[in-house]
Structure formats: structure tokens, C-alpha cells
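Structure first, commentary second.
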């Protein structure tokens, strides 16, 4: 579970993002208005061998101000940890949700920070902080007009693909290593598959003509959903930190085999 101290800092961060004097913009993302589903326990696995690496979870709860807080973490015991969070507000018409802010932080063995990503959708900028032992600089990235950046709430964004409500979803992703916001598209991986089981959704990041050269440092994401479950997310593949190993985060009690990479 995400530490209470960390959650307090995350919620405090959302207040700082709304201090007087900042221009208020907002995300153009529209997420299905999910009901809070509490915490879903999960585990972290090696994507090739299926070896269990550590604990994980995903949670969606309501904040005192009526907004929702999406949180998650994944760990390789004694080696690495990633924590993510995003505050979601209702749109003016109440028909959808959109992110207020997003944060991702990771550490490797010994508690050495592997960097922090902070996105302030109201103020219209993001900050990428590199690993503490890196010679890279902190980078500020201005968000484009009508931005649709979704680094953290991807499980909520992509679920309508698995339920058949949408065939394709266009969004944007903050690529800290490229110091820019890039376009992305997500689709069901095997739309014609008739076999039962979790539905895989894959996303592709687009850097234009640079994409083939950038594939070495662009993250690869797959999400799996079971529309028959409450909170349809069942698994996803992600890097444990920027440049780190990709791992599987799998919902507790869900068979692992369908998600393993040969």
C-alpha cells in the first residue's frame, strides 16, 4: 500500500498547484466517471519467468473535496519501488472525470531516488526530476493547449476499449527522457480473438520520424481488462522506473500465464 506520509504529500501538492496567481487551464481528457472501488491487492512479477518479485496494489478512493484519488505502487523486494498517484475532478457537466495533477516517483536499492514526474494540469506545466545520482538537470515542460496527458490514469482511460465502447483512444504522454509531450494511441491488441480471457490493450507513443530511434528509451505499456469484474483492470506491464526493467503488475488471484512474455 502507498505510505500515508507519501499520500499526505501528494494531496498537499494538489493544493500548491491551485495557489492564487497561477493561471487555471485544465486537461481535455475525459475519463468515464468511475465509482471509487477501494484498493485492489496485486503482485509484481518477472514478465518472462513469472517469478514473484514483490507486492503491488491499485486504488481509487474519494477525497474530502469530492474528487477521486487514484494511487498505485509496484515493488521488487529490496531492489526497486514505484509509486504513482493522480487526483481526478469531475468535468463541469458532471459527465466525466479529468486529472488535476499526476505524480510518479521511484527508488532503487538503498532508497536512492530514480526520479520524480509531476504534472500540474491546472497550471499547464510538468516537472521531470532525474535520479539523485544523475548528472541530468531538472526539466520543466510546458503542456500544450488542449492537452490530453495521461501518464498515471491509463487504466481508467483505456478500460472503454476492453468493454467495446470505443475502438481507439488518442491521448498524450509525458516522456521525461525526451523532455516533451508525445502523442499516443491505444487499441485492443487482438480485436478478432474469440478465446475467452483478459482483453489486452496496447498503447503506442509517436515521436514522428524520431520514433524508430527513440524506441530504446520509450516505455512499453500493455493493460489487461476483464469486463466481468468490478474494476475491470487485471494486469499491466510497465517499467519499474525510467530505464529500469519492465515488470508485470497482476491483480491478486488472477492466473499469471496469459500475461507472460515468451
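General remarks:
- Taking the average, over residues, of other Cβ atoms within 10 Å as the packing measure, peptides 174-184, 152-162 rank 152-162, 174-184 from highest down.
- On full extension, the segment bounded by residue 146 and residue 183 gains 12.1 nm, given 0.36 nm per residue less the C-alpha separation.
- With semi-axes defined as the square roots of five times the eigenvalues of the C-alpha gyration tensor, the equivalent ellipsoid of the range 16-122 measures 30, 18, 11 Å, largest first.
- In a fully extended conformation the segment linking residue 170 and residue 52 would gain 39.2 nm over its present Cα-Cα distance, using 0.36 nm per residue.
Just so you know, all these numbers are worked out from the coordinates, no wet-lab data involved. Computed from a predicted structure; not experimentally measured. Neighbour counts run over all protein chains shown; Cβ positions are idealised from the backbone, glycine included.
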